[in-house]
Amino acid sequence: MSAERRPLLAREPQGPRRWRRAAGAAVLLVETLERAAFFGVAANLVLYLNGSNFHWAGEQASRAALVFLGASYLLAPVGGWLADVYLGRFRAVALSLLLYLAASSLLPATAFPDGRRSFCGEVPAAPLVPSCPKAPCPRVSPSPYCAPTLYTGLLLLALAASSVRTNLTSFGADQVMVLGRDATRRFFNWFYWSINVGAVLSLLVVAFIQQNINFLLGYSIAVGCVGLAFFLFLFATPIFITKPPTGSQVSSMLKLAFRNYCPRLWCARAARDPEDAHLLPDQRSPEPGASPQEDIANFQVLVKVLPVMMTLVPYWMVYFQMQSTYVLQGLHLHIPNIFPAGPTNSSMALNSQGSNYKIPEAWLLLANVVVVLLLVPLKDHLIDPFLVRRKLLPSALQKMALGMFFGFISVIVAGVLEMERLHYIHQNETVAQHIGEDVYYAAPLSIWWQIPQYLLIGISEIFASIPGLEFAYSEAPRSMQGAIMGIFFCLSGVGSLLGSSLVALLSLPGGWLHCPEDFGNINNCRMDLYFFLLASIQAVTGLLFVWIAGRYEPGTQAPASQRGPSRDRG
């Protein structure tokens, strides 16, 4: 395309390959910093809102965190569509990082008293309520302080994060596309590796500072990561390949679908509309853009791609358990101290303080992260080249099916562990342990028994999520790549929300997770049945996915001019 801008620095014979790798590395570094900032915001958001700064009730803080996380996935198609139609990927990423920087600055600005007064006003006085004549008295949660300002900032932050996630993935693949299909596949491996490096930085550094020092410093580091990512992205502009917006064919796709599946409504609309307003592209005078044949071919691609992506939704339901029910399960297993009390501890201070400092349960997420950080380089440098030489490298769809299988095994292992935990609970064999200001009555099973289910989820990521990104990018028509990538991330958010909705449904009276006598502590609920239900859903949809994947013919529908990376290179 004539408006495509090639890198300014690639002028020597060896330049293209060297600068393409440099451009890809710059994108990976930007992604690492952005993910560190995102997890730095999300990791302790509930604690920040529930703490002394805002005094939100627990359910109010949890709801705000769920809204933020859900919006950061569900808004992904918006950023992809804006890039395809108006901005192009480069400007979409740059403007999104700028919005990211502005919205994330609200959190450290409200972490100290003067800043809160400037953005939120004075803390309202507690309302006077009449005395309660007899128990039980209804508890009324006051309106959360600074809610409009914080929700606005969090939603803008979610929009920026979703736009960066959607467009930076495709933009990075554009940089290495000229090196062949193998380079594109390797880029997605390392892109996912960079995401997990950012998660490690947040879990080990940013979240620790927020919880043990103060939120002002912790959130300031997150803002600094966004600022550095924005600077590096602009600094690397001369070596980037930037492509103009090609326009999105989503409108044409919708018209085609409307005409094919609702012919009566189409005819009724045609009778009301002015002449030529309802015509499809092949019935109008020629205009710039895709030809009618390309519109129809791309619509056929979309019809084939969407079922594949939608059958991954149950996998995402399982995947997000590691941030919800797996954590709840871990709180009711025996969690050891970081510094066990004993005669080897010669320091009085260590015995009095360190012996009561427990390993954060959330640190088990590092088992998932470490698997990705170790296996991605191993897969990229050893396993994949070995399979390529012997022409045994599985397709992206085959890898995704394998990833769904590992996710299925993970939730089965969690269910078996839960059955064993409940056996101790029913025998009234519990151990009292202090976590923060709360006391949990846990089964005398070590929390380390959870490591296998976290490791299996990590392996499933490598085989389901990374090839899923590659599939969404390579199979999408070029004019819809941003929108298709957005839909991929949006559907992962749908899986998370469906999993949360299933928990809420089963928590109603009579459900497996309804146990009010536990007061949210002993946790005598039948969470094992919930895990096995998820496994059953994953098994059924996994078989459906295998059937759809077996009938899928990659790279045969869209014209070559409209496709992503060539499937013949490498």
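Read-outs throughout are calculated quantities, based only on the coordinates presented, and are distinct from any laboratory measurement. What you see is a predicted model, and the numbers here were worked out from it, not measured in a lab. Reconstructed Cβ throughout: ideal geometry from the backbone, glycine too, with neighbour counts over all protein chains shown.
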- ³J(HN,Hα) computed for each position of region 412-424 - Karplus, 6.51 cos²θ - 1.76 cosθ + 1.60, integer Hz, glycine/proline x: 5, 4, 4, x, 5, 4, 5, 4, 5, 4, 5, 4, 5
- Find out how many positive minus negative residues lie around Phe38, taking Lys and Arg as positive, Asp and Glu as negative, among other residues whose Cβ is under 15 Å from that of Phe38. 0
- In sequence order, what are the phi-derived ³J(HN,Hα) couplings for region 91-105 according to the Karplus relation 6.51 cos²θ - 1.76 cosθ + 1.60 with θ = phi - 60°, rounded to whole Hz, with x for glycine and proline? 5, 5, 5, 4, 5, 5, 5, 5, 5, 4, 5, 5, 5, 5, 5
- Added length on full extension, which subtracts the Cα-Cα distance from 0.36 nm per residue, Ala432 to Val540: 34.9 nm
- Task: Tell me the label-point distance for the pair Met419, Asn212, using the 7 Å Cα-to-Cβ offset, in nm and rounded to one decimal.
- Result: 3.9 nm
